[in-house]
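Worksheet: the structure to be examined is printed underneath.
FYI, it's all coordinate maths here, none of it is from the lab. Note that the structure is a prediction, hence the values are computed from the model and not measured. Virtual Cβ from ideal backbone geometry, glycine too; neighbours counted across all protein chains shown.
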Amino acid sequence: MKTNKCNLSIACLISLVAIILALPGQLPGQTGTAKSSGGNGTPATRWSVQVDQVDAGNLDLAYSFQIAIYENLVVELKTTKQFQQVFREGDRKASEAPNLLVLKTTVEKYIPGSETKRAVTTVSGATKLTVRSQLLTREGNVVLERTVNGEVRLFGSNLRATHNLAHNIAKTIKQSSWSGSGQPTAILTGQL
Amino acid sequence: MDRFVVSRSHSEAYQPDRRHPLWLSIVLICCSLAAPAQQITQRGNSSASLSTQAIHLLGFANAKNNSTGTLSVQYDSLQFQQNGKPGAIVKIALVRDVFLGAESKQVGGLPMTLGKTAAPFGGGRVVSLFAHKKYDTLTLEYVDADEGIHGAIFQLTEGQGELVRNELIARGVIVGSRQDQSTKESAAEATHENK
C-alpha cells in the first residue's frame, strides 16, 4: 500500500516537472506565430538596407571616427533585425536585392572631447557628434530623415561616442512610424 | 722552485678571467635594455613578418572587439591573433587605405576607474590627471570578397603604428589622399587631449 502511494507521488512529481519544462518551450513558439502572421494577415514587404560610408563634410573629423560610425551602424542595424539584410557600401549583392534602401550619414557637428578632462572634472570634456541620417530609395527619394546625436559624457573613450551615435540612429529608424515594412511613402523628419 | 713557476703561470692564466665578469655584466645590461623592444616589435627577414602587440578596437574580420593580441604583417596578409585563439586574417591586397592617428587614454581600464571613483577627497581625480597615456590608432579600410567596404581600428603603443603602416605601404598598400588630413586631424585631437 505504501509502495503504491510512493509510486503515485513520484508519478505526480514527474508529470509536474514535465509540464513545467514543456510550458516555456511552447510560449515562444506561440509568440513567433503571432509575429509572423502580421496585423492584416498579408505578408509584409521586407526591406534591405545598404549603409554608406560617413560623409564628414567640411568638419575636422578623424578618419577613425568615420570608420567607427560606419562599422557600428552596420552592427547596430543588424541587431535591430528591422531589415532583411544589411549591406555595406560597394557590396555587389546589394544591387540584386529587390527592396533596397540606402542609409546616408552626414556629420553636421563634432565637438572633440578628452577622456582625461572627463575623468578629472566630470562636467567637461564630453565628445559630441551630431549627424543627419537619411534613408533613401534606389531612385533617391528620401524615406526618413533625422538628426541624431551621440556623445560620451563620463566614462569611456572618445570612440564610444560613435557607438552611442550608431545605437541612437538604429533606435530612431526602429521607432519611426516608417517601420521597415510596406511601401515607404511619407517623409519623416525630426530630431532625436 | 717548482712551486714558484706554477704560481706565476697560474696568475697569468687567470688574469684575463678577472675582466670576464665586467664584460658579462655589460653584455647583460645591453641585453636587458634591448629586451623590451624585442617584446614589442619582432621583425624577421624582409619577406617574413613584423609583429606588434595591439588592441583590436573594432571591425577586423572576425576578431573580437576590444581584445588584446598580436598584429602581424606576414607575407601577403595582415593577421591579428589573440592569445591561444585562431587568428583573423585579411589579405594585404584587399587593404585599400591605412590611416594613422593618435589618442590619449586613461590607463587601468574599469578596475582603475572604479578605484578612482571610490577614492576619498577627490583623490581619484588627481590620479586621473597623471594616469593617461598616448597611443597610436591604426585605421584600415579593406574590402571583402563581395567588395563591401570594411573598416578596422587598432590601438598600438606610441610609435608602433607608423611601423605597421610603413610595412603595409612597403608591401603595396596605396595610401589615399586623405592620409595627410587624417594625420593632421589626429594630431590636433591629441593636442586637444593634452590641454
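Under a Cβ-Cβ cut-off of 9 Å, what is the net charge of the residues other than A:Tyr70 that fall near it, where Lys and Arg count +1 and Asp and Glu count -1?
That sum, taken over residues with Cβ under 9 Å, equals -2.
With a sphere of radius 12 Å drawn around the Cβ of B:Phe154, what net charge do the other residues whose Cβ falls strictly inside it have (Lys, Arg +1; Asp, Glu -1)?
Net of charged neighbours comes to -1.
Within a 10 angstrom radius of each residue's Cβ in A:52-64, how many Cβ atoms of other chains show up on average? Whole number is fine.
Going residue by residue through A:52-64 and averaging, the value is 5.
Which pairs in the list A:Lys81/B:Lys85; A:Lys109/B:Lys64; A:Lys128/B:Lys134; A:Lys78/A:Lys109; B:Lys64/B:Lys85 are over 19 Å apart, alpha-carbon to alpha-carbon?
Over 19 Å apart, Cα to Cα: A:Lys81/B:Lys85; A:Lys109/B:Lys64; A:Lys128/B:Lys134; A:Lys78/A:Lys109.
State to the nearest 20 debye the size of the charge dipole of segment A:42-162 about its Cα centre, where the only charges are +1 on K and R beta carbons and -1 on D and E beta carbons.
Result for segment A:42-162 is approximately 320 debye, rounded to the nearest 20.
Distance in nm between label sites at B:Tyr75 and B:Met112, each 7 Å beyond Cα in the beta-carbon direction?
Taking the simple label geometry, B:Tyr75 and B:Met112 are separated by 3.9 nm.
Among B:Ile169, B:Gly124, B:Val107, whose Cα sits farthest toward the positive end of the charge dipole of segment B:107-175 (+1 at Cβ of Lys/Arg, -1 at Cβ of Asp/Glu, about the Cα centre)?
Value computed over the given set: B:Gly124.
All other residues with a Cβ under 10 Å from the Cβ of A:Thr80 taken together, and with Lys, Arg as +1 and Asp, Glu as -1, what is their net charge?
+3
To the nearest whole number, what is the average tally of beta carbon atoms from other chains within 10 Å of the beta carbons of peptide B:142-150?
Counting other chains' Cβ atoms within 10 Å and averaging over B:142-150 gives 6.
Counting partner chain Cβ atoms within 10 Å of every residue's Cβ in B:107-120, what's the average?
For this peptide, the per-residue mean of nearby foreign Cβ atoms is 1.
What residue among A:His167, A:Val102, A:Leu59 has its Cα farthest toward the positive end of the dipole of segment A:48-191, where the charges are +1 on Lys, Arg and -1 on Asp, Glu, each on the Cβ?
So the residue furthest toward the plus end is A:His167.
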